[in-house]
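Structure first, commentary second.
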Amino acid sequence: MIPAAMGGSQPADYNAGMLRTIPLTSRPSWQEQLADLLTDPLELLALVQLTPAEAGYSMQALQDFPLRVTRAYAGRMQKGNPRDPLLLQVLPLAAELHTLPGYVDDPLAENSANPVPGLLHKYQGRVLLITTQNCAIHCRYCFRRHFPYADNRPSRAGWEQSLDYILGDPSIEEVILSGGDPLAISNSHLDYLLQRLASVPHLKRIRLHTRLPLLLPDRIDQTLLTLLGELPQQVVMVIHANHAQEFDAAVDAACRKLRECGVHMLNQSVLLGGINDNAGALCELSLRLFAAGVLPYYLHMLDKVNGAAHFEVPDTQALALIGTMQTRLPGYLVPKLARELPHERHKLLL
Ligand SMILES: *Cc1c(COP(=O)(O)O)cnc(C)c1O
Ligand code: SF4
């Protein structure tokens with residue numbers, strides 16, 4: 001989208017648009033932005049110019065899983081639209097209170113693949129490290145919304161246990177930093193962790209699963225770029241955008257900088273009823289990703305976590321959507337439709 005201040009008739013300048021409209025001196029640091037998240041639903045609703053009733057807001061849903069989102073992301077929501085695809089990802093809704101059979105608190109049984117606190121070893125050659133329980137957003141459909149993060153709290157001592165585990169298993173070629181969001185931790189903590197991983201001889205790839213390039217593009221600062229650019233391993237970043245509207249010029253710039261320092265950029269989305277469950281939105285997302293230098297990777301079927309049933313899209317509809325995408329897009333812009341099942345050795349492709 002073209003920022004209004006640049007005039008609708010000009011082509012979008014993905015390199016400079018956002019920065020040009022806001023004087024540099026008034027921009028809070030990313031640390032300040034991360035400490036100043038939107039957590040009050042009434043403040044968010046005032047920002048998007050909706051009443052709680054118009055939006056379907058529920059205080060009880062809020063108590064189940066608090067609201068959390070960056071102001072940068074909220075700024076991309078349309079005003080006056082209760083069906084806005086970004087708003088629907090974060091606003092606690094009355095619809096979450098309907099429990100349905102088949103929906104549980106720990107749909108992936110992750111607690112059973114947890115050899116040491118904070119580390120999941122489900123798939124061959126890859127381990128997933130819960131670097132922090134923090135996210136800069138609370139996605140209402142998140143399968144970790146009931147995860148016992150308190151037991152998986154990162155600390156350097158906790159990381160040591162995970163590092164020992166990784167060091168002791170030469171079959172592990174790839175470490176996935178996940179969370180929570182691994183970029184929600186400070187550069188100095190990240191530096192420590194990455195340096196330790198960099199010295200593991202059998203490790204070939206380091207992957208980060210993060211939404212922060214979209215939520216807080218300023219997080220992609222020079223220190224982080226240097227840290228990632230200097231790693232001896234190949235670095236993969238999987239961002240998580242569900243809708244083209246999540247992109248703006250600042251997000252594009254963040255993705256471009258990551259690519260320039262050698263990071264392979266991929267995206268995973270969740271297929272979400274009411275948000276991206278139509279071929280137009282999915283095709284537009286793929287094209288928008290590619291414009292930012294990011295390839296679509298997975299389109300996940302929803303995990304059946306309590307509180308998310310209203311986002312469900314049936315398998316038949318999901319397959320039809322992928323079919324339509326294949327007729328409209330080059331093959332490399334069609335994501336893999338996948339479902340994660342507990343106790344499987346890989347994600348199941350539909
Ligand atoms: C998704 C996932 C991975 C990575 O799977 P890929 O198919 O390589 O993207 C690894 N471990 C866990 C626990 C996962 O959920
Ligand atoms: S960013 Fe990922 S881990 Fe964090 S709430 Fe959203 S889906 Fe869950």
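The values are calculated or read from the model by the stated rules, or taken from the named source; none is laboratory data. A quick note: this is a predicted structure, and the numbers were derived from the prediction, not measured. Neighbour counts run over all protein chains shown; Cβ positions are idealised from the backbone, glycine included. Side chains are part of the model used for accessible areas, which takes the heavy atoms of the whole protein and leaves out ligands, DNA and RNA. Shrake-Rupley method; radii C 1.70, N 1.55, O 1.52, S 1.80 Å.
Got a number for the accessible area of residue 300? Probe 1.4 Å, square angstrom, nearest 10.
30 Å²
Where a ≥ b ≥ c are the square roots of the eigenvalues of the C-alpha gyration tensor, would you call the range 188-283 rounded, which needs a/c under 1.5, or, failing that, prolate if a/b is larger than b/c, or oblate?
The shape class here is prolate.
What FRET efficiency would be calculated for the residue pair residue 71, residue 157, taking the C-beta separation as r and a Förster radius of 25 Å, to the nearest 0.05?
The formula returns an efficiency of 0.15 here.
Grab the Cα-Cα distance for residue 230 and residue 202, subtract it from 0.36 nm times how many residues apart they are, and report the gain in nm with one decimal. Before the final figure, lay out each step's value.
Working: separation 28, 0.36 × 28 = 10.08 nm, distance 1.76 nm.
Gain in length upon complete extension: 8.3 nm.
Give me the accessible area of residue 206, 1.4 Å probe, in Å² rounded to the nearest 10.
0 Å²
Can you flag which of 304/347; 79/257; 204/257; 257/347; 79/336; 257/304 are past 24 Å Cα-Cα? Walk me through the intermediate numbers first.
Values: 304/347 15 Å; 79/257 30 Å; 204/257 22 Å; 257/347 30 Å; 79/336 33 Å; 257/304 36 Å.
Over 24 Å Cα-Cα: 79/257; 257/347; 79/336; 257/304.
Going by accessible area, probe 1.4 Å, with all protein chains left in place, what is the ranking of 54, 230, 246, 340, largest first? Kindly include the intermediate steps, with their values, before the conclusion.
Working: 54 105, 230 140, 246 0, 340 35 Å².
Sorted descending by solvent-accessible area, the residues read 230, 54, 340, 246.
Considering only protein heavy atoms and a probe of 1.4 Å, how much of the accessible area of the chain is carbon and sulfur, as a whole percent?
Whole-percent figure for carbon plus sulfur exposure: 55.
What three numbers, in Å, describe the spread of the alpha carbons of the chain along their principal axes, ordered from the longest?
55, 51, 43
How do 139-145, 80-86, 97-103 rank on mean C-beta neighbours within 10 Å, highest first?
So the peptides 139-145, 80-86, 97-103, ranked by packing, come out 139-145, 80-86, 97-103.
Classify the range 189-347 from the C-alpha gyration tensor, please: rounded if a/c falls under 1.5, else prolate or oblate depending on whether a/b exceeds b/c.
It comes out prolate by the Cα gyration axes.
For the chain, give the share of DSSP beta bridges that are antiparallel, in percent and rounded to the nearest 5; count only bridges with both residues there.
Restricted to the chain, the bridges split so that about 25 percent are antiparallel.
Keeping every protein chain present and rolling a 1.4 Å probe, give me the accessible area per residue for the chain in Å². Display every interim value, and only then the final one.
Details: 15060 Å² over 350 residues.
With all protein chains present, the chain gives 43 Å² per residue.
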